[in-house]
There are 6 protein chains.
Amino acid sequence: TGDMEEVVVLETNIDDMSPEIIGYMAERLLASGALDVFHTPIYMKKNRPAAMVTVLARKEDEQKLADIVLKESSTLGIRRSIVARYRMDREIINVNTNLGAVRVKVASKGNIKKIAPEYEDCKEIAIRAGLPLQEVLQMVLKKSKEQLV
Amino acid sequence: TGDMEEVVVLETNIDDMSPEIIGYMAERLLASGALDVFHTPIYMKKNRPAAMVTVLARKEDEQKLADIVLKESSTLGIRRSIVARYRMDREIINVNTNLGAVRVKVASKGNIKKIAPEYEDCKEIAIRAGLPLQEVLQMVLKKSKEQLV
Amino acid sequence: TGDMEEVVVLETNIDDMSPEIIGYMAERLLASGALDVFHTPIYMKKNRPAAMVTVLARKEDEQKLADIVLKESSTLGIRRSIVARYRMDREIINVNTNLGAVRVKVASKGNIKKIAPEYEDCKEIAIRAGLPLQEVLQMVLKKSKEQLV
Amino acid sequence: TGDMEEVVVLETNIDDMSPEIIGYMAERLLASGALDVFHTPIYMKKNRPAAMVTVLARKEDEQKLADIVLKESSTLGIRRSIVARYRMDREIINVNTNLGAVRVKVASKGNIKKIAPEYEDCKEIAIRAGLPLQEVLQMVLKKSKEQLV
Amino acid sequence: TGDMEEVVVLETNIDDMSPEIIGYMAERLLASGALDVFHTPIYMKKNRPAAMVTVLARKEDEQKLADIVLKESSTLGIRRSIVARYRMDREIINVNTNLGAVRVKVASKGNIKKIAPEYEDCKEIAIRAGLPLQEVLQMVLKKSKEQLV
Amino acid sequence: TGDMEEVVVLETNIDDMSPEIIGYMAERLLASGALDVFHTPIYMKKNRPAAMVTVLARKEDEQKLADIVLKESSTLGIRRSIVARYRMDREIINVNTNLGAVRVKVASKGNIKKIAPEYEDCKEIAIRAGLPLQEVLQMVLKKSKEQLV
Ligand code: NI
Ligand code: NI
Ligand code: NI
Ligand code: NI
Ligand code: NI
Ligand code: NI
Ligand code: NI
Ligand code: NI
Ligand code: NI
Ligand code: NI
Ligand code: NI
Ligand code: NI
């Protein structure tokens, strides 16, 4: 069932490094097991438009990911805290459509059920078929609902 | 007196849902007792300009509000933490002005005292009297200070 | 009277330079006659949280300011356009308060009149008198209105 | 057919006024015929996190809307330019659903056709029926496509 | 020499579409010849945290790129203007380093000269050699300067 | 060695006060011992583009800094939490260059070593010598590496 779990949150403010490296570091972190990486625009002293980088991590990956941040970025410090996370149960199903099979994430918790077509699969179909991605997403959603009922 | 209290902070990143629904969800949450709801622009992977939604809640409302987020949004997870809150004592007084009565929030802590005219009351006067809101706010502030001394 | 005037707008996107330099460049531009300099957080390709720097300039300063941007920043191109500007007439008056004289900007256009205490003067008073800046601004505003009537 | 049209763009930077008034001014502008009003977070000198307010207007409304900005805000200047606008033809149709009638915007240009359920109608249904707004939007979209074919 | 050139600026506000599609659309636009694509976080009416998408384009690509925006996004209108662009002359040179050859962009205008190592080449070296990207960029910069003198 | 330490995080949302005061308050906080102060653009209810102010503080400074926030700002509450911080060891060394001596921060943790020229020293040289700040930073970096080997 969808339980509470704990995740590590690593945060660091970057005000003296090129955004090129921030984009690169995010890729490295995701490739090394980060649950999520995102940036928030912040304003620091001396009129600097900076970025706060946030990394969500499993506890067992914390050390490895913190080391990547220290190695790749100019930061001298990383803030670290633990948060709980409400989490829906997830399952991947395969949905067949006229344009090919698509993986679809089905999440549930109590009587809430959500359906999310896999972005990469839909993107591939959109490019191959020359259709707007929006249309592909809606078509897959419709098929998924029919299949799940 | 203005004590420390504890509030629950719920955070979720939204990168696959229309902002229309984010605005709607914020209204639902405020109508259901959230202490505050706000959004922060963030950047997620695959060049997605997303939003982090933050909900501040009393502990007794946490479950109800988390359910609204899970029901209304596309998110599969909500981060949850507890923070302390420095809080000024608040009191609502009525201030009489030439343009009608206005509620004014008076907050105090130690020797700090703050006066904040109620936005909705001032807005109503501004529209009715055809005055700039700024002017109404300043007029009410002046009257409040005279009345409080 | 408050007429339309034309100003030059210079814009450049910075995604491969430290924010330290952006802050520095803004100072240089303001010291060299820019009417205004501001930054907007933007997201560029490859997951880069970047900054768009906007410079407002008089036509006669355009070349000098564009050269500063090209010299100080990593950019290879500056977008340039001309916009009209609605502009209120401005006048500086001196307002005497219990805490010293303060310059106050008085702007007018048709029957609209606005009063803005000079930030630097109020800041100095706030620090010297140990008062909240907000309180100083409000006190100066009140005195200005009395003096202007 | 979907032609090019011209719209006026008014922009002003606000760094010395409460965001309460910015929200209020946006409402006033929309109620007075603005095509759109939006805010962008910017950073101005002296470490001020400010807002740029942008108003899109028909030419015949420009003067009225510029006056509202000058009257309500602290700004001393408004930048003004004209831009062209690619515009899709729009038509409102009524779509009948199990949960009531919904207005749906149908836009077209060449062989591109788009369907957008009216937010306010869907919101009303979502609240009345106790359904997630997302679900209502998807249901209306599905009905619209069936009706339009 | 570094001349002024004209570029087309296309702008559209997106407040009723998933950020997934915004990221996808940016990729499509860049692959179809856009000079640049970037997003700015904006706040629209009804508390919607939205995105403004800006596309910079050569005049001959305008129609094709505008069509992609209309096809892929939910927008019903695209603002369009022409801006001039100060542009530095650019040249790509090859720089040999201990870790392999790297393309380096050399830009010049009057007596200003700038050196920018190609991100993709440096990224490849950083991953292959297990070095921080920052270190690789600095090493290539040093080599470039030596070679150029 | 670079140990974990604990820092206090104070956060407050400001939606009814001029950004002028936010900039001022940040200066006050830094002058009173805050480890860092930064602002994040957020969107609050009623279409208000607001700012979240974050203060990082040593535990012994918490009370003093919270009082400044309560005194200077319009806020009625401050969220407060404790986070751990990964911290690199830092040392200041002096580096001699053709353009004068520059302080350089050298940080280390395990086998990671980072070099950061002091911004204020480099800024002074850039202005005095009429060089781009970027160039000065790179020159100092090069000298620092030579001196440290
Ligand atoms: Ni996520
Ligand atoms: Ni997804
Ligand atoms: Ni609040
Ligand atoms: Ni309020
Ligand atoms: Ni300005
Ligand atoms: Ni000012
Ligand atoms: Ni809509
Ligand atoms: Ni719009
Ligand atoms: Ni660019
Ligand atoms: Ni580049
Ligand atoms: Ni910091
Ligand atoms: Ni620094």
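The values are calculated or read from the model by the stated rules, or taken from the named source; none is laboratory data. All values reported here derive from a predicted model rather than from experimental measurement. Cβ: placed from backbone, ideal geometry, glycine included. Neighbour counts: every protein chain shown. Ligands, DNA and RNA are excluded from the accessible area calculation, which covers all protein heavy atoms including side chains. Shrake-Rupley method; radii C 1.70, N 1.55, O 1.52, S 1.80 Å.
Numbers below:
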read-out: Where N is the number of residues in the protein assembly as shown, Cα Rg divided by 2.2 N^0.38 Å; value: 0.94
read-out: ³J(HN,Hα) computed for each position of the stretch A:35-41 - Karplus, 6.51 cos²θ - 1.76 cosθ + 1.60, integer Hz, glycine/proline x; value: 5, 6, 9, 8, 10, 10, x
read-out: Charge tally in the Cβ shell below 9 Å around residue D:10, where Lys, Arg are +1 and Asp, Glu are -1, residue D:10 excluded; value: 0
read-out: Exam field: residue A:149 pseudo-label spacings to other copies (7 Å along Cα-Cβ), nanometres; value: 1.5, 7.0, 7.2, 7.2, 7.5
read-out: Segments B:43-55, B:98-110 sorted - mean Cβ within 10 Å per residue, highest first; value: B:43-55, B:98-110
read-out: Alpha-carbon centroids, the stretch F:2-45 and the stretch C:74-127: separation in whole Å; value: 25 Å
read-out: Other-chain or far-sequence residues with amide H under 5 Å of residue F:36's (modelled H); value: F:56
read-out: Residue pairs, from the table B:143/E:46; B:59/E:45; D:71/F:46; A:109/A:142; B:143/C:109; C:59/D:45, whose Cα atoms sit over 24 Å apart; value: B:143/E:46; B:59/E:45; B:143/C:109
read-out: Backbone HN-Hα couplings from phi across the stretch F:69-83 [Karplus 6.51/-1.76/1.60, Hz, Gly and Pro as x]; value: 5, 5, 6, 7, 9, 7, 5, 9, x, 10, 7, 9, 9, 10, 10
read-out: Complex-versus-alone comparison for the stretch E:41-57, residues with a loss of 20 Å² or more in accessible area, probe 1.4 Å; value: E:41, E:42, E:43, E:44, E:45, E:46, E:47, E:48, E:49, E:56
read-out: Length-normalised contact order for the stretch E:4-86 - Cα pairs under 8 Å, 6+ apart - percent; value: 49 percent
read-out: Phi to ³J(HN,Hα) by Karplus 6.51 cos²θ - 1.76 cosθ + 1.60 over the stretch C:96-108, Hz, x for Gly, Pro; value: 8, 10, 4, 9, x, 7, 9, 6, 10, 8, 10, 10, 8
read-out: Model label zone, residue A:46; criterion: amide N under 15 Å from point 7 Å along Cα-to-beta-carbon; scope the stretch C:26-50; value: C:26-28
read-out: Simple spin-label estimate for residue E:63 and residue F:146 in nanometres, 7 Å along Cα-Cβ; value: 5.9 nm
read-out: Distances in nm from residue F:30 to the matching label points in the other copies, shortest first (labels 7 Å along Cα to Cβ); value: 1.2, 3.3, 3.3, 3.3, 3.7
read-out: Shielding by other protein chains, F:64-73, mean Cβ within 10 Å; value: 4
read-out: Helix-derived mean residue ellipticity, 222 nm - over chain F, DSSP H n ≥ 4, -39500 (n - 2.57), to 500; value: -11000 deg cm²/dmol
read-out: Cβ-vector label at 7 Å, residue C:118, separations to other copies in nm; value: 3.3, 4.1, 5.5, 5.5, 6.6
read-out: Rounded percent of accessible protein surface that carbon and sulfur make up, the protein assembly as shown, 1.4 Å probe; value: 46 percent
read-out: Innermost chain A residue relative to the axis carrying A onto C, by Cβ distance in angstrom; value: A:41, 2
read-out: Anisotropy class of the stretch B:89-148 from Cα gyration tensor, a/c 1.5 cut; value: prolate
read-out: Accessible area that becomes buried as E packs against C, both chains, 1.4 Å probe, Å², nearest 100; value: 2000 Å²
read-out: Neighbourhood charge, 12 Å Cβ-Cβ cut-off, centred on residue B:50 and excluding it, Lys, Arg +1 and Asp, Glu -1; value: -1
read-out: Summed residue charge, Cβ within 9 Å of residue F:85's Cβ, Lys/Arg positive, Asp/Glu negative; value: +1
read-out: Solvent-accessible heavy-atom area per residue, rounded to whole Å², over the stretch C:67-125 at 1.4 Å; value: 45 Å²
